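Below: the structure, in structure tokens.
Only the coordinates and a few stated rules stand behind these numbers; no lab work does. Worth saying up front: this structure is predicted, and the values here are computed from it rather than measured. Glycine gets a Cβ as well: all are built from the backbone with ideal geometry, and neighbour counts include every protein chain shown.
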2 protein chains.
Amino acid sequence: MPEYKAPLRDMQFVLHDVFKAEALWQGMPATEEVNRELADAILEESAKINEGLIAPLSQSGHEEGVHWNEGVVTTPKGYPEAFRQLAEGGWGGLSGAPEYGGQTMPKMLVLLFEEMLYSSNIAMGLYLTLTSGAALAIDSHASDELKQKYLPNMYSGKWTGAMCLTESHAGTDLGMIRTKAVPNANGSYDISGTKIFITGGDHDLTENVIHLVLAKLPDAPAGSKGISLFLVPKVKVNDDGSLGEANGVHCGSIEHKMGINASATCVMNFDNAEGYLVGEINRGLQGMFTMMNYERLSVGIQGLSAAQTAYQWSCEYARERLQSRAPTGPVNKDAAADPIIVHPDVRRMLLTQKALVEAGRAFAVYVGKQLDVSKFGDGEAKARAAGMVELLTPVAKAFLTDKGFEGTVLGQQVYGGHGYIREWGMEQLVRDVRIAQIYEGTNGIQAMDLMGRKVAANRAQNMQALLGEIRDFAQSADSVAGMEEFLTPLRDAVDNLESLTEYVLGEAASDANAIGAAANDYLHVVGFTLYMYMWAMMCRAVLSGDSQQGEAFATAKLQTARYFVQRLLPQTAALSQSIRSGSASLMDVAEDAFV
Amino acid sequence: MPEYKAPLRDMQFVLHDVFKAEALWQGMPATEEVNRELADAILEESAKINEGLIAPLSQSGHEEGVHWNEGVVTTPKGYPEAFRQLAEGGWGGLSGAPEYGGQTMPKMLVLLFEEMLYSSNIAMGLYLTLTSGAALAIDSHASDELKQKYLPNMYSGKWTGAMCLTESHAGTDLGMIRTKAVPNANGSYDISGTKIFITGGDHDLTENVIHLVLAKLPDAPAGSKGISLFLVPKVKVNDDGSLGEANGVHCGSIEHKMGINASATCVMNFDNAEGYLVGEINRGLQGMFTMMNYERLSVGIQGLSAAQTAYQWSCEYARERLQSRAPTGPVNKDAAADPIIVHPDVRRMLLTQKALVEAGRAFAVYVGKQLDVSKFGDGEAKARAAGMVELLTPVAKAFLTDKGFEGTVLGQQVYGGHGYIREWGMEQLVRDVRIAQIYEGTNGIQAMDLMGRKVAANRAQNMQALLGEIRDFAQSADSVAGMEEFLTPLRDAVDNLESLTEYVLGEAASDANAIGAAANDYLHVVGFTLYMYMWAMMCRAVLSGDSQQGEAFATAKLQTARYFVQRLLPQTAALSQSIRSGSASLMDVAEDAFV
């Protein structure tokens, strides 16, 4: 298996040259101490630990997997030590609240650390990032007492966190959960029920696992309005912070999965476990939603990350593998064959990956910027960014993972037969990233969230704001020489998206299935339009002289943008045509015909 | 894991109602004894053995895998017994030559058996179908003596066959192989070298394995013109047909792969093994090419098969899984939720699978028909069919497997989280079918074969014949009421394909990279156009009253065709636009920029 090498240069280009992160950070009090130098130092340290410590454990973890023995979960060899080093490096508290030992780093930056972490090893990464997610929910909704008691040890990676939502009969539809919470006299609750698919539900990395559990009080209203959120530690914590007795929390079994074998996916049994309410009774889903925007972006980044690794490795392979001759005649005259990178079709596979990965990275940082402004900014900018976060989150989750999966499959294809063999590493990337299209809300659910809740529900207000922003950008970039070839397709894409949006909203007025029928294709049109926007922004950075990455880098950016425009963006035409066919072809078919 | 149920009704519809197989068979002396009754009986028996015996071993084989221990290869529990039953049922000799115990069944029919076999268990299927492939090469090129000695036991499944082409440094580029063949005084050859990725190279299913090995004589010309083909048995065969001493053939190790875990993928070491020339010296690749058209269709069918199983299982799941409510209001009022099949986006995933699988099956049978006519027909029809086989084979291999992979991924997605868990069976389908896009010539190689050797090399003569045939069909179907909605998109697709072909040939005149740059997208346009043709033929069978499958079946066919036209066929627009952008965006990028 090849080594992973963090794409620091492209990260710096996106952060500094495209999005001018330093100026943004210094304009917000909470992040004003973060400057370019600090950001670059963090990226470099992150590269070191991920390349040197985390990536090398990926393949062995894939092969060994997690063990379950009479309720005790053991991670693969080397994982506890590596996690300890990760924790000691402070990587678990990057975006944490400063009162409890967190570092308040902007998401724009933290997500690049996450990219490296997942590129190195998705399974290992999950233990850390889900802890950050749980900590975020606790920080946003729990009492000061709970925060004080739990957050410092979560930020420091002494304990990990887990989210317990799904039950075997209730995944997408959380309103149907059956886990019960019975109030005790002392203010705590007795939690009982079984949760499935709990990532990091139990393991041997740390001495405690802090579960956030959705459950219903005995008298709770039916459906999703009767769900409350509880903090349930694996081991109870004494008032002085030391560990007390075991709680009624047990791992009944672990799942055997397609991939992320080193991640413990647990069935968790709560048997009169002591739990503490987080936030208000019956408003547990709201507590979860706070962190959902972060988690969904984080899952999206898993797609980007796997695709980056696949891209990088398949480039290396294509340069080294000698086979046949270039169509234009021998290149490598002294050898028996040319490297396969001379072939147009191999380049198609590499450039598709490159164009999607680089736009994906820019898009992730763009969404991170919106998260930062919505959290640390103020006034109109803050409100506007919050709207963008709502709109863009489902796109980030689904489009980054759909394109991430596509990228890994292409990378695997470049390897030919070797791509199918485990020791070469490519098949693991495909298997590991596949889950990202499914968990944290399937990509179909994301599409319905986008088209239904984020576009139709507010008559496309946020979408109009986004289209307006892109049009403003296009106008401002018009004067930069050489931009026309990128601005014309961008403007066309925006016009198309606007008219598609009107079409679907029009249909939805009389057809309850219109939203669902359009959803998946619409999300992909939005994704391609946003990637076109990212490419145009990257080209402007290059053409206006903002890039400090040298001429070869600049040339490659423009060429990759051109490839995107000519060979990938046309897919919006097919998607748009499909959307405009309405819902009839989907809904007319009788249920019995599905055989 | 759900059970597999063979789609007999759709198979009969395609064979009898669409392609009028009986009339075709009875018009050719070699197959004149095959009638509808016999064909249906074979399909039914095939369904029984595959559903009852082969499919149930799929998951256990996936979990257990193949074992290698000091050179001895052992297949998973139950495999040797099941293979024996398959062999005893005569399924190995279906398309074999009658002189040696084969049954000379038409490929149109045999491929439906193959579909069921692979739908049940690709890994198990390979042991049988590769034996048929090897037997075909022997039958076409070997001496009568070799045929007599080896074919009966291969048809009867007493022995299996394996193809030994690839070496670690020579996959696509077979001209670079290093395996040596040194002539002995007695007319045999000493074969020495190492072959990799040998499917069924060794195992415990049968007492002997007959290898077909590509090797070079000491004085052979360089490159692909110096390759000869040898029959090399694992155990030497005495003149009386009994087994003699062991040959110098050893399995050095087996590969650990992404999927088809129950198929032994072997590194085979030939150490002065006794081998016998098949065909002429230095014309070994021609010997291999004879069976290539059959093998490539067979690999294509693996794509179809896995997608069929995924489709079937995901329909069941979508009907049973209760989650949320229909957009139009509760359907399943007495339960807590509706089955997810009520959702437009779930239907999108199911209908995409259905539309691709049913067109894929018709297309496979259509190619089978061309193979049959090119083998058993005569005169102009035979020559014409041979041209079609050349043209269509790369499309069958690549498009069926690309769409097959897409189908399994969609089926897995319908399952949500359960799709990622091994015990549910869906992830195995994705993993097993992935290899079909890679082996037997990667799909990129198929695309270049199509665009280069099969279209450009003869100035699109066969392509023009195909387009002419489709136009003739459209004209003849014009009079059938209700056909217009299918014939209009078909005619548009044909016009588009014709003009794209002209465009690429034009570019190729001055650009050596034009073929490769267009190849993949071109193959997909051809695939979509052929699927449109298949849908139009199926709709004609329905609308002209040729179908005997009842009203509900007929309605579903028309609706699925409509779905294909409205929601999938538009992809040709994007592909065509991409092709028309030429090779510059691929070739301008410097090699160093691929980082």
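If Lys and Arg each add +1 and Asp and Glu each add -1, what is the summed charge of the other residues whose beta carbon sits under 10 Å from the beta carbon of B:E255? Its environment carries a net charge of +1. Each of A:K382, B:K333, A:K257 has some number of other Cβ atoms within 10 Å of its Cβ, and from fewest to most they run B:K333, A:K382, A:K257. Here the range A:196-243 and the range A:26-73 have alpha carbon centers that stand 25 Å from each other. Inter-copy label distances for B:D144: 10.2 nm (label point placed 7 Å from Cα along Cα→Cβ; shortest first).
Per-residue ellipticity at 222 nm from helix content only, as computed over the protein assembly as shown with -39500 (n - 2.57) for each DSSP H run of at least four residues, stands at -17000 deg cm²/dmol. Note on chain B: antiparallel DSSP beta bridges, both residues inside, total approximately 80 percent of the bridges counted. Seen against the Cα atoms of chain B and their longest principal axis, helix B:36-49 is set at about 80 degrees. Taking the number of Cβ atoms within 10 Å of each Cβ as an exposure proxy, the fewest-first ranking of A:V357, A:V373 is A:V373, A:V357.
Can you give the FRET efficiency to the nearest 0.05 for A:E207 and A:N332, using r as the Cβ-Cβ distance and R₀ = 60 Å? Can you show the working numbers first?
Details: r = 56 Å, r/R0 = 0.94.
Once the sixth-power term is evaluated, E becomes 0.60.
A:M463: net charge of surrounding residues, Cβ under 11 Å, Lys/Arg +1, Asp/Glu -1, itself excluded? Write down the numbers at each step before the final one.
Values: positive: A:K454, A:R459; negative: A:E390, A:E469, A:E498, A:E502.
That sum, taken over residues with Cβ under 11 Å, equals -2.
Convex hull volume per residue, computed on the Cα atoms of chain A, equals 171 Å³. For the residue pairs A:K77/A:K234; A:K77/A:K147; B:K107/B:K180; A:K333/B:K216; A:K195/B:K403; A:K257/B:K48, the alpha carbons lie more than 27 Å apart in A:K77/A:K147; B:K107/B:K180; A:K195/B:K403; A:K257/B:K48. For chain B, find the longest principal axis of its Cα atoms and tell me its angle to the long axis of helix B:79-88, 0 to 90°, nearest 10. Taking Cα atoms only, the helix is inclined about 90 degrees.
On the basis of the beta-carbon distance and an R0 of 30 Å, B:E591 and A:D492 show a calculated FRET efficiency of 0.40. The mean sequence distance of close C-alpha pairs (under 8 Å, at least 6 residues apart), as a share of the length of the range B:241-306, puts its relative contact order at 25 percent. Per-residue mean of foreign Cβ neighbours for A:412-419 is 6 (Cβ atoms of other chains, 10 Å radius).
Shown is the FRET efficiency for B:E3 and A:D40, computed with R0 = 56 Å from the Cβ-Cβ distance and rounded to the nearest 0.05: 0.45. Only lysines eight or more places from B:K454 in sequence, or on another chain, were considered; those with a Cα closer than 17 Å are B:K397. Net length available on complete extension from A:N184 to A:Q461 is 95.2 nm, with 0.36 nm assigned per residue and the Cα-Cα distance removed. In percent, what relative contact order does the range B:341-439 have, based on Cα pairs under 8 Å that are 6 or more apart in sequence? In percent, rounded to a whole number, it is 26. Listed from fewest to most Cβ neighbours within 10 Å, the set A:Y522, B:Y118 follows the order A:Y522, B:Y118.
Could you list log10 I(q)/I(0) for the range B:443-534 at q = 0.12, 0.18, 0.20, 0.24 Å⁻¹, which the Debye formula gives when each Cα is one point scatterer? So the normalised log intensities work out to -0.39, -0.77, -0.90, -1.18. Count Lys and Arg as plus one, Asp and Glu as minus one, and take only other residues whose Cβ is under 10 Å from that of A:V589; the net charge is then 0.
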